[in-house]
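Only the coordinates and a few stated rules stand behind these numbers; no lab work does. What you are looking at is a predicted structure, and each value in this text was computed from that prediction instead of being measured. Using ideal geometry, Cβ is built from the backbone for each residue, glycine included, and neighbour counts are taken over all protein chains shown.
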Amino acid sequence: MTAAGTLDAPIVRTGPLVRTGAWWRGHSVSEETGAVAFDRIIRRLGLSMGIGGMIMGLVDLPEIVAQSRVAPAWWAPVAALLVFAGFPVLAAVSIRWEPRTIRAVAGATALGYLAALATLPFAVDAHSVDATSVWLYRMLPLGMLTAALAWPLLVAAGYLLLGSVAVALTDIYLVEDFTAMSALSAFARAFGLSTLLLWCVVSALGAAARVDRESARASRQAASSAAASARDHERSRFAALIHDAVLSTLLDASRGNERSAVLHRQAEHTLEQLDEIRVAAREPDVLDARAAVIFLRSAVHEINPAIRFATRTWPGFDDLRMPVHAATTVASALAEAVRNSLRHAAVAGQPVHRAVTCTISAGSIRLVFTDDGAGFDVRRVSADRLGISVSILGRMRQLSGGAGFVESQPGEGTTVTLVWGGDGSN
């Protein structure tokens, strides 16, 4: 059996979108809680930058070769490698890899450009380049684009200032005579174009973040409206039943002009309808797949918005109907697993990665929370350790159709699996 795919946006990756879409403003938030539009624009920007960098490398190749004649043989290959080697990698990872990896490659590419600039004073003599500028001068916009994609706005702005000063000094060192006007002109040319590109990238990321925020807000409103509509429908159905069936049966019985067999069947049918209403009224609030994912994701991200929450679907996932009390129980157990990990999984000098995978099939839902932290020996956990035995496993055992499992080994992280099936099976 193969997976059908993922739920449509904004369910797949909603999360706390204000934080998720705002890392570029300086907030420290994992992109894995990021949203669909925001992740998509990162991928497209990364792919475009990667292809553009490769094209620029090919276009500038003749000038690179020409200017390499005034430098040691090692310099041109090293400088070109530092500047351009990251772009094909960036294009490749932007197709399939996660935004975190894309941004890491973009950051390495941006730093590679600065490293290439730093080699110039050691390889090329002053005023030895017979050209209007050294080829590295014109590559600053490429470095600026990758920096804007990789880092928060303030860090990217710092890169812009440092890079503009560095290329201006490099151009004066190699090509132009030093005057105040030549220094200012070289800085202004480099700074102006790169500032425009930084603004374009920040604007694109900001627009994507706003789209995801509005999508998440619309999804929450839709879920709330659906629940209210379901309640109104049940009230209307109950009112219609009272008027059309109950009162009609009582009226016919009071008149005594109906045959007993007909009246008996009518009364039985009315009682059956009332029983259906009574059973449905016990749990009028039921979440569909979309609302359930939003509810469970919110429970995780209220504790730590940096935890990845991925959603997978199997055929028939849209048949899921999860009572609110069941969703609340599963969310509470999941939240306790997250809190336990934050309290106990830390490893000195090493970041701990945490993620939740939510898999939905026809009538059932499975949540797997994992971390790569310290781990523990499950066999040595005492039965009175409330966090695991009561708040996680105990909750799931008491939930009809629910089950919970905890797997861990010292030094190998922890996996908590929570399962709920509407028919009572696991």
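Subtracting the Cα-Cα distance of GLU407 and ALA188 from 0.36 nm times their residue separation leaves 72.9 nm of extension gain.
If R0 equals 60 Å, the separation of the Cβ atoms of ALA73 and ASP319 corresponds to a calculated FRET efficiency of about 0.30. Were the residues from VAL59 through ALA180 laid out at 0.36 nm apart, the gain over their Cα-Cα distance would be 40.4 nm. Summary of packing: across the peptides 96-106, 345-355, 363-373, the per-residue average of other C-beta atoms within 10 Å ranks them, highest first, as 363-373, 96-106, 345-355. Protection proxy ranking, highest mean first, for peptides 390-399, 143-152, 62-71: 143-152, 390-399, 62-71, where packing is the per-residue count of other beta-carbon atoms within 10 Å, averaged. Set the Förster radius R0 to 45 Å, insert the Cβ-Cβ distance between CYS200 and ARG343 as r into 1/(1 + (r/R0)^6), and round the FRET efficiency to 0.05. The formula returns an efficiency of 0.55 here.
Remark: spin-label model distance ARG380-ALA118 equals 4.5 nm, labels positioned 7 Å along the Cα→Cβ axis. The order of the peptides 406-413, 291-298 by mean Cβ neighbours within 10 Å, most packed first, is 291-298, 406-413.
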